[in-house]
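Data first, discussion second: the structure below is written as structure tokens.
Where a number appears in this text, it was derived from the coordinates with a stated rule and is not lab data. Just so it is clear, the structure is predicted and the values come from calculations on it, not from any experiment. Note that each Cβ is placed from the backbone with ideal geometry, even for glycine, and that neighbours are counted across all protein chains shown.
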Amino acid sequence: MKLENFPEDIQPYLIPDLTSDEGGRLIYRCLECGLEYGIEKLLYTCPECGQVLLIYDANFDRLKKISGELWHRIFDYRKMLKISALKGIYLYHEFIGPIIPLDSIVYLGEGHTPVVEANSFLQKKAGIRFYFKNDGQNPSASFKDRGMASAFSYIQFIVSKGYISSDVLAICASTGDTSASAALYASYLKPHVKSAVLLPHKKVTPQQLSQPLGSGASVFEIPGVFDDCMKVVEALSEKYNVALLNSKNAWRILGQESYSYEIAQDFEYDMSDKVVILPIGNAGNITAVMSGFLKFYETGIINTLPKIIGVQSKHANPVYKYYLEPDAGKREFVPVTVRSSVAQAAMIGNPVSMPRVIHLVDIYNSMSDKQKVFFVEVSEQDIMDWELLANRNGHIACTHGGESLAALVSAYEQGIIEKNDVAIVDSTAHALKFSGFQKMYFENSFPEEFEISPNPDLINSPVFIRPKDLEKVPAPGKPLTGEDFKQFVERTSEEIANALDLKKV
Ligand SMILES: *Cc1c(COP(=O)(O)O)cnc(C)c1O
Ligand SMILES: [Zn+2]
């Protein structure tokens, strides 16, 4: 819809105004020593103490001057605008990047992913009402695109300001999806922006490996697991002039907050009885989701903070273990050695964002006057079984979506979730990225360390039909004709009809 056709009172708010002195003022703040730094430079950790940073808006209180109801109208009307820059995560521009001019915004179609209610069969199985939010329907088929849209828009912004040279090498370590996303966004900004990605050898799926290769990135495979790759890119980013794109980069977090904003908008800003469930790997996403809901809460856009449940596999569960200790004073973070997991993108033993999680969980719970953030662990078996069951009921969940659904069931059994709660379950990537695990399940070929044995009811495999009595069948380049072809069609369809037990019309 054209600007002049919107209600007059809403028009001044639809296109963010960056010329006002009253606008946002973003700064990095260290979570350890509290020091603040300007955002002209791309910082990852505090130059004083080495701790991770988060980005704050020093002028955030201006957003509280607009009522919650008016914000609802701004966001709901803004959805009807046809301006590319505001169609993705920057629909929430004031909250995600108030200093980023619209012409620096990179939009590749990310965000506003579908929220799909589970059918009644699956809801009965799970015991409660729930929806999948399909973040696998982002352009590189995972939620990482939300963070990359923000990080690359920021890079375009500081290049346009002349804060950094226009030749940028974007670099990241990845369990597969970060590199797919970083390579995609970098390729859009070529020739100035180039990308290099580091992957743990044989620990990403063939689909995930094909993505950065297809985008033209330099792809390096390193022995070990993700945590080892992370150390190498950290060393590179400290010594060389590169832009680190891992979620250590706080701009990633800002972009991923859009996930919370969308859930709020999807449910008419009513977060009472809502439960948001998501997997934890490097813990960037749960950081962003908590931060996002907190910002909407502080500005009156939502009146309740939803419950948040972070889930980990028993094979990679450092965050879960940390919160097992009920006494906050006695908690101690201990990295774990990860074991093979089908939730491979979350197979991380030493999450970079752990200090951010600890910081935000405290704030989130105290703002709610009760515990609202919970952590659950699930077995590899449950992850696969729930993923496959979901997908047999109309979904496109990845293994991490299965993990989130398994957590819903476990949390309900434990009484963390109540009967009347409504859950939003994060399928963080597309099922197709992890189809190799589905294949292993169907063929009962999981290596022992996964501890997965297939449930026969969930197995599926193709049936080869080749009527034995036929002499000739078609082959590529060698079609059948005449009576032979007629015979082939007739006999093959007969055998399929028999296999399916079809009745004649
Ligand atoms: C990255 C990723 C995760 C884990 O997210 P973190 O922010 O690292 O905790 C989960 N699922 C998928 C599909 C991912 O790509
Ligand atoms: Zn510091």
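Just to confirm the number: angle between the C-alpha axis of helix 144-160 and the first principal axis of the chain, 0 to 90 degrees, nearest 10?
Value to nearest ten degrees: 40.
Where in the stretch 63-106 is the amide nitrogen less than 15 Å from a point lying 7 Å along the Cα-to-Cβ axis of Asn5?
Those under the cut-off are 77-83.
Can you work out the FRET efficiency for the pair Glu22 and Leu502, with r the C-beta to C-beta distance and R0 = 56 Å, to the nearest 0.05?
The formula returns an efficiency of 0.20 here.
For the stretch 464-505, what is the convex hull volume of its Cα atoms per residue in Å³?
87
Per the Debye formula with a single identical scatterer at each Cα and no solvent contribution, what log10 I(q)/I(0) holds for the stretch 6-159 at q = 0.14, 0.18 Å⁻¹?
The Cα Debye sum returns log10 ratios of -0.86, -1.17.
Cross-link candidates for Lys472: which lysines have Cα within less than 19 Å, leaving aside residues fewer than 8 places away along the same chain?
Lys472 reaches Lys486.
When the chain is fully extended, how far beyond the present Cα-Cα distance does Ser67 get from Tyr37, taking 0.36 nm per residue of separation?
Value of the extension gain: 7.8 nm.
Please work out how much length the chain gains when fully extended from Glu495 to Asn460, using 0.36 nm per residue of separation minus the C-alpha to C-alpha distance, in nm with one decimal.
Residue separation times 0.36 nm, minus the Cα-Cα distance, leaves 10.7 nm.
So which lysines can Lys124 reach, going by Cα to Cα under 16 Å and dropping same-chain residues fewer than 8 places off?
Partners within reach: Lys419.
Do me a favour and compute the ellipsoid semi-axes for the chain from its Cα gyration tensor, root of five times each eigenvalue, largest one first, whole Å.
Working from the Cα gyration tensor, I get semi-axes of 41, 27, 26 Å.
May I ask for the Rg/Rh ratio of the stretch 79-207, computed from Cα atoms with Rh as the Kirkwood radius, given to two decimals?
Looking at the stretch 79-207, the ratio lands at 1.06.
Would you work out the charge dipole size for the stretch 338-391 about its Cα centre, treating the Cβ of every Lys and Arg as +1 and the Cβ of every Asp and Glu as -1, and quote it to the nearest 20 debye?
So the magnitude is around 280 debye.
The stretch 314-383: percent of C-alpha pairs farther apart than 16 Å?
52
Relative contact order of the chain, please, whole-number percent, based on alpha carbon pairs below 8 angstrom and at least 6 residues apart.
Value for the chain: 14 percent.
Where the only charges are on Cβ atoms (+1 Lys, Arg; -1 Asp, Glu), what is the dipole of the chain about its Cα centre, to the nearest 20 debye?
700
Show me, for the stretch 337-353, the HN-Hα J-couplings you get by feeding each phi into the Karplus relation (A = 6.51, B = -1.76, C = 1.60, θ = phi - 60°), rounded to Hz, glycine and proline as x.
Karplus-based 3J(HN,Hα) across the stretch 337-353 equals 8, 7, 10, 3, 9, 6, 7, 5, 6, 10, 7, 10, x, 9, x, 4, 8 Hz.
Taking GluC sites (Glu not before Pro) that fall in a DSSP loop and have at most 13 other Cβ atoms within 10 Å as cut points, what is the longest piece of the chain between them?
49-267
Can you tell me which aspartates and glutamates have their Cα less than 13 Å from the Cα of Lys503? Leave out same-chain residues fewer than eight positions away.
Answer for Lys503, where 13 Å is the Cα cut-off: Glu494, Glu495, listed by chain and number.
Exactly which trypsin sites (Lys or Arg not before Pro) in the stretch 372-439 are in a DSSP loop and have at most 10 other Cβ atoms within 10 Å?
Listed in order of number, the matching sites are Lys419.
Under Stokes-Einstein, with the Kirkwood radius over Cα pairs standing in for Rh, what whole-number D in µm²/s applies to the stretch 410-503 at 10 °C and 1.306 mPa s?
D, rounded to a whole number, is 86 µm²/s.
Starting at the first residue of the stretch 399-416, write each ³J(HN,Hα) from the Karplus equation 6.51 cos²θ - 1.76 cosθ + 1.60 with θ = phi - 60°, in whole Hz, x for Gly and Pro.
4, 6, x, x, 4, 5, 5, 4, 5, 4, 5, 5, 5, 5, 4, 7, x, 6
I'd like to know how the stretch 186-278 sits against the 2.2 N^0.38 Å rule of thumb: what's its Cα Rg over that expected value?
Rg over 2.2 N^0.38 Å, computed on Cα atoms: 1.40.
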